[in-house]
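Below: the structure, in C-alpha cells.
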Amino acid sequence: MDTQRVALAVGLAACVLVAGAASFMLIRDSSELESEGTTMLDPLLQDEEHDHRNASYHILYTENVQPVSYNELTDTGNAEIQVADSPDGKTYAYIAGWTEMHIVDVTDPSNTTVTGVYYDPNTQVFDVKYLQYNGREYVILQNQIIDPGAADPNVGNWEDPVQVSVTLVDVTDKSNPSFVDFWYDADHPSGPHNLYTHMIDNEWYIFVANPDYESCDVGQGDACGGITIAHLNFAGFGDLPRIVKIGEAEVSWETTRGGWIYIHDMTVQTWPSDIADDPRNGRTYIYGAYWEAGLRIFDVSDVPHPNKDLVEYLWYGSLCRLSGGTQAGCTWRAPEVGMWMDFEDFDGDGEPDSGTTGNENGGRASYIHYAEPFDKMVDASHLGYPQGKRHLTLLATEVLETTVGTGMVYLLDTTSYEEVNGNLRFLPSLIHGWENPFAWDHHIPGGEEWLLFSPHNADTQIFQTGLPGLPDNSHGGAWDGRIYLSSYHAGLWVIDVETLMAAGLEEGNKTEVHMAATVGYHVPHAQDGVAPDSSFYDFGWTPFLWAAEHHEGYIYLSCITSGMYIVQLDIDKPYGSALEP
C-alpha cells in the first residue's frame, strides 16, 4: 500500500492536466511501474466538493481505453446488456431497463441506432439473455419488484404474478419485439433477479436466480433463494414456444457458515475441454454466486429432457405446473458438486472475513455477487504451473458500504476434482484476488452513496496470441486473458489474468499486484446522470455502470443513469473489425 501511495504522490506532483473541472489522470513516468510503463492517478473522487452527478467532473480514463460512441437510449434505468450477431447479418445490443428493453443496432460501433423498444410495465427488468431457434430470435427477460410503488399498474403487491415473472419475447423483428410467454414461481414473491440460457443436448434451457422465498425455513434446508430450471419447449405447442419448469438447484445449507445467503447471479457452461478420462467431458454445470455461501457449482447434465426420457420430463414438468413451481411439487434437484468460501482475511485473524466470522465490512470480502467461468481453458506452464489446461472462474463481490475498501474480485482455479463413492466434486482454489488499486484510500459511505465504487457485473475473454497481427501483451505463452469489470461509479476496469496467475505462485504485496494487474480504466462521462424512477436506486451518479460486455474487440457498457457506451482497449483492436470510415 505504501508503494502505491508514493507512486500516486509522485504522479500527482509530476503532472496534472486540467480539462474543465476534471483532471486527466494518466501520466508517463518510466521510473514508476516500469513493466507497465504508466502511472495511474486515482479516479475515485469523493471529497466534499465533488458532484457525482456532473459529467464534467468525470473525464477520467487511461489513454489506452478510448471512447468509441455513446447512445442515451430512450430512458434511464438501464441494466444488463448482451451483444449478439443476428441472422440478418447485423449485430445488436439488447439492454434491459427498469420498464424497457432496448434493441440497438451496433453493427458499426461508432454509429449506433435504437431500432426497437419492448415496453414492460411490470418493473423492474434487470436482465436479458438472447437465443436463436429455427431461424427466429428471442430474448428472456425477468421482472423483479424492487419498488412496489413504481410498478405500472401500481398494484403494490409483490405476489402479483404478472409483475414477478420470467418473460419470453420474440425479437426477430427488431422494430417490433413481441410477447410470447411467461413463467411465474408462486413461492418467489419478489421475482427473479438474474437469468441464463444454455443449450443441453440440442434443447434450450432457462436458468433463473430467485433471491428469496415466501417462507424461508433454514431448519428444513431452505436457503432463502434458489435457481429455477426450465425447458424452452419449441416442439410441443406448434409455433408458440412455452416455458416448462422442471426443477431447481439449491445450496447445501449444511455446508455453509450461515450468514446472508441467497443466489444472485450465475453462469451455465458445458465443460470446455475433452481432456482424456476427465469425467466432466460433455457435462453441464451452473456456477452460482451465492453471497456469503460463496461459489456453488451444480451439475445439470441429467436434467429432465424430452429427447432422453419423455416420461420423466412430462412427470416433473406436470408436477411443477400443478404446484405453481413451488418446492411442494417441483421436486427435481440438480446436485451440488462444488463450492468455495475462502474469502480474503483482511483482519488477519485466520478466518475468512464474513458476517459470521467477523470483519464483515459491508461484504468487502464475502458478498459474492457474480460468477463466470472462462470460456476457454488455458495452459499456464509458461508461468510456472504444471503442464496441462486449467479451468478458471471469476468471482466478484457487490459491496453495500464499507469503512475502508471497495470490494474484492477473485480468480479461481476450478480444474481439480475428486471422486468419492462415484460422486464427482470440484476442488476450487484461489489463484489471486484483486481489488481496485486505490481501495485503501477510499470507502463506500452508504446511504444515498451505497454501492458507490463496488464491483458489479463483468465479462472475461481469452485471446489467442503469437500469430501474425496478434502480439502477446502479457507474460508470453500463446494466449492473453482479460477481465472487463463494471464498477458502478468507478467505471470500467480491465484486469490482466496472467499477472494475477503469476502472482498466485508468489508471496508478494497484494496491493502492488492489484496495480500491476490493472491494464486500464475508463469512467464514462457523456452526460449528467439522471436518476431512474426508483425509490431503491434513488441516485443520479454518472456514471453508474451495471454491466460490461466484450464483443469482437469492443467493450459495451450499460450505465443505469445515462445510457450505453462503447469503448475500446488499444490491445483489443486486432480482435475486432475496423470502424467504418
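Over all pairs of different C-alpha atoms, region 35-124 has a mean inverse distance whose reciprocal, the Kirkwood radius, equals 16.0 Å. In the context of the full set of protein chains, region 282-342 has a per residue accessible area of 37 Å² (1.4 Å probe).
Measuring between alpha carbons in the structure, the pairs from LYS129/LYS174; LYS90/LYS129; LYS245/LYS376; LYS129/LYS245; LYS389/LYS510 lying more than 20 angstrom apart are LYS245/LYS376; LYS389/LYS510. When the surface is traced with a 1.4 Å probe over the full set of protein chains, ASP201 keeps roughly 80 Å² accessible.
Computed over protein heavy atoms with a 1.4 Å probe, the carbon and sulfur contribution to the accessible area of region 37-96 reaches 41%.
Remark: accessible surface ordering of VAL114, VAL513 (largest first) is VAL114, VAL513, probe radius 1.4 Å.
I want the local charge near ALA209. Using Cβ-Cβ distances under 9 Å, sum +1 for each Lys or Arg and -1 for each Asp or Glu among the other residues. Write down the numbers at each step before the final one.
Values: positive: none; negative: ASP127, ASP265.
Summing Lys and Arg as +1 and Asp and Glu as -1 gives -2.
Using the Karplus relation 6.51 cos²θ - 1.76 cosθ + 1.60 with θ = phi - 60°, the per-residue 3J(HN,Hα) values for region 455-471 come to x, 9, 7, 8, 9, 10, 8, 10, 10, 6, 10, x, 8, x, x, 10, x Hz, with x marking Gly and Pro.
With the Cα gyration tensor of region 315-410 giving a ≥ b ≥ c as the square roots of its eigenvalues, does the rule (a/c under 1.5 for rounded; else a/b larger than b/c for prolate; else oblate) give rounded, prolate or oblate? Oblate, since a/c reaches 1.5 and b/c is not below a/b. With all protein chains kept in place, the per residue accessible area of region 437-509 amounts to 31 square angstrom at a probe of 1.4 angstrom. For the pair region 388-405 / region 238-298, the C-alpha centres are spaced 18 Å from each other.
Averaging 1/r over every pair of different alpha carbons in region 444-509 and inverting the result gives a Kirkwood radius of 14.0 Å. Summarising the amide proton neighbourhood of VAL251: residues at separation of 5 or more, or on other chains, whose placed amide H is nearer than 5 Å comprise an empty set. The order of the peptides 125-136, 352-363 by mean Cβ neighbours within 10 Å, most packed first, is 352-363, 125-136.
Let a ≥ b ≥ c be the square roots of the eigenvalues of the Cα gyration tensor of region 222-315; is it rounded (a/c under 1.5), or, if not, prolate (a/b larger than b/c) or oblate?
Working: a/c = 2.34, a/b = 1.37, b/c = 1.71.
Oblate.
Computing Rg and the Kirkwood Rh from the Cα coordinates of region 399-543 gives a ratio, Rg/Rh, of 1.05.
With all protein chains in place and a 1.4 Å probe, the accessible surface of region 329-429 carries 44 percent carbon and sulfur. Short version: ³J(HN,Hα) in whole Hz for each residue of region 340-347, in order, from phi by Karplus 6.51 cos²θ - 1.76 cosθ + 1.60 (θ = phi - 60°), x for Gly and Pro, what are they? Computed from phi, the couplings for region 340-347 are 8, 9, 8, 5, 4, 10, 5, 8 Hz.
The values are calculated or read from the model by the stated rules, or taken from the named source; none is laboratory data. Computed from a prediction, not measured in an experiment: that's the story for all the values here. We place every Cβ from the backbone using ideal geometry, glycine too, and count neighbours over all the protein chains shown. When the accessible area is computed, the model is the full protein with side chains, heavy atoms only, and any ligands, DNA or RNA have been set aside. Shrake-Rupley method; radii C 1.70, N 1.55, O 1.52, S 1.80 Å.
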